[in-house]
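**Student:** Sharing a structure here in C-alpha cells format.
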Amino acid sequence: MAMKKVCKLCERSIARIDYKDEHLLSRLMTDRGKILPRRATGSCAPHQRQIAAAVKRARYLALVPYIKGHYE
C-alpha cells in the first residue's frame, strides 16, 4: 500500500496562504500557469481551497500571469 502524502503546508504550520507570496504560488502552479491538483501537491482540502483563492487573487492583481509563455 502506498504511503499517504502529508500536507507540506500543515507540516510547516502555515495557517493562511498569502496571495503576495509569488514564490510559493509559483511552486503550486504548472509551467503554463494552471493550479496543480491536490494529488500532485499533496496538500489537504482546506489548504488547496486557500491555494486556489490565493492564485486567483494574485492573477487578478497581476502578480502572477494567467497564462505563462503565451507571448514568448
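What follows is calculated from the coordinates using simple rules that are stated; it is not laboratory data. Keep in mind that this is a model prediction, so the values were computed, not measured. Cβ placement follows ideal geometry from the backbone for every residue including glycine, while neighbour counts extend to all protein chains displayed.
**Student:** In the range 22-42, how many residues are in contact (Cβ under 8 Å) with a residue 12 or more places away in the chain and either farther than 17 Å from ALA62 by Cα or not aliphatic (A, V, I, L, M) (or both)? Please lay out each step first, then the result.
**Tutor:** Going residue by residue through the range 22-42, those that are in contact (Cβ under 8 Å) with a residue 12 or more places away in the chain are 22, 25-26, 28-29, 31-33, 35, 41-42.
Within this subset, residues satisfying the condition of being either farther than 17 Å from ALA62 by Cα or not aliphatic (A, V, I, L, M) (or both) are 22, 26, 31-33, 41-42.
Qualifying residue count, the range 22-42: 7.
**Student:** Follow-up question, since we're still on this one. List the residue pairs whose Cβ atoms are under 6 Å apart, where the first residue sits in the range 45-57 and is farther than 9 Å from LEU9 by Cβ, the second is of a type outside the set (S, T, N, Q) and outside any helix (DSSP H, G or I), and the two are 6 or more positions apart or on different chains.
**Tutor:** Filtered contacts from the range 45-57: ALA52/ILE35; ALA54/ILE17; ALA54/TYR19; VAL55/ILE35; ARG57/TYR19.
**Student:** Among the residues of the range 22-37, write down those that are surrounded by 15 or more Cβ atoms within 10 Å (Cβ to Cβ) and farther than 18 Å from ILE67 by Cβ.
**Tutor:** Within the range 22-37, LEU24 is the sole residue that qualifies.
**Student:** Would you list the helices (runs of 4 or more DSSP H) that sit entirely within the range 12-71 and hold 1 or more residues that are among the aliphatic types (A, V, I, L, M) and over 24 Å from ALA2 (Cα atoms)? Break it down into steps so the answer makes sense when it comes.
**Tutor:** Numbers: elements: 22-27, 38-41, 45-60.
Counting at least 1 such residues, we get 22-27, 45-60.
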